[in-house]
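Comments concern the structure below.
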């Protein structure tokens, strides 16, 4: 549900050019419906090589210190910040790319901008939390999965009667006139869709990765403090402040990014 919510939020902030790009490439399909496609194609076939592109291993030391260093953490571009650069290029209109590949590129972008706001997608420790087997709400899960799936699903179930659209509408309202209104402008990178580092990675994605990585120190501190036996209390408190915020960022940034790609057409 996390990725679909990012897509639902993004749809509310598309401008005319962004909406036209989505309509032209997705042909009646909305962003939220394609946000999980990248996970479906990463294990076999044409896009099996993208399996490791959904994250970037920040080789820092949470919870003692958090930092993101492009040359240390993704010098070859074969990670999330490089994937965002590649598929942003392929989704736009600035070079000759087959329409089918542009469609796929937009699907990748809709997923990867959700991935990069999930802090454990920018974390090397414990394989991004995948090797941390803990208990959440009475069920044995790994930390990464809890942040990807269990926390947003429980938030939607408990506080929005299981209605994902209501949750997305709540986040949109928080951006437009609520608690996120004053900070939302700062979620947008100063860099555009064509801006890349000397290593070919997206400069905007480096900003987003740095932002997410900073949260790993608090997430990992909670893991070390509360394990064992149960994370539930700690993360029930964290979800409204961290989970909601990161999903809102993902949706708002995705819309802005698509709007900027659309402006190249």
>> For the chain, what are Rg and Dmax over the alpha carbons, in angstrom?
In response: 17.6, 54
> Hey, with R₀ at 25 Å, roughly what FRET efficiency would residue 30 and residue 218 work out to, going by the Cβ-Cβ distance, to 0.05?
Replying inline: 0.15
>> Please arrange 116, 134, 109 by how many other C-beta atoms lie within 10 Å of their C-beta, fewest to most.
In response: 134, 109, 116
>> Given a 10 angstrom Cα cut-off, can you work out which residue in 168, 214, 58 is the most mobile in a GNM of the chain?
In response: 214
>> Compute for the range 36-114: radius of gyration divided by Kirkwood radius, i.e. Rg/Rh, restricted to C-alpha atoms, rounded to two decimals.
In response: 1.04
>> Only Cα pairs within less than 10 Å get springs; with that Gaussian network setup on the chain, which residue of 117, 52, 241 has the largest fluctuation?
In response: 241
> How high is the FRET efficiency between residue 166 and residue 139 when r is their beta carbon distance and R₀ equals 25 Å, given to the nearest 0.05?
Replying inline: 0.55
> Shape call for the range 142-205 from the C-alpha gyration tensor, a ≥ b ≥ c root eigenvalues: rounded (a/c under 1.5), prolate (a/b greater than b/c) or oblate?
Replying inline: oblate
> Taking the inverse of the average 1/r across all pairs of different Cα atoms in the range 1-139, what Kirkwood radius in Å do you get?
Replying inline: 16.3
> How long is the gain from residue 23 to residue 99 if the chain were fully straight, where each residue apart is worth 0.36 nm and the alpha carbon distance is subtracted?
Replying inline: 26.1 nm
>> If I take R0 = 41 Å and measure r between the Cβ atoms of residue 75 and residue 44 in this structure, what FRET efficiency does the formula 1/(1 + (r/R0)^6) give, to the nearest 0.05?
In response: 0.90
> When the helix-only estimate is applied to the chain (DSSP H runs of n ≥ 4, each -39,500 (n - 2.57), divided by the residue count), what is the mean residue ellipticity at 222 nm, nearest 500 deg cm²/dmol?
Replying inline: -15500 deg cm²/dmol
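No lab work stands behind these numbers, since they all come straight from the coordinates. Predicted, not measured: the structure shown is a model, and the values here were computed from it. Positions of Cβ are generated from backbone atoms using ideal geometry, with glycine treated the same way; all protein chains shown enter the neighbour counts.
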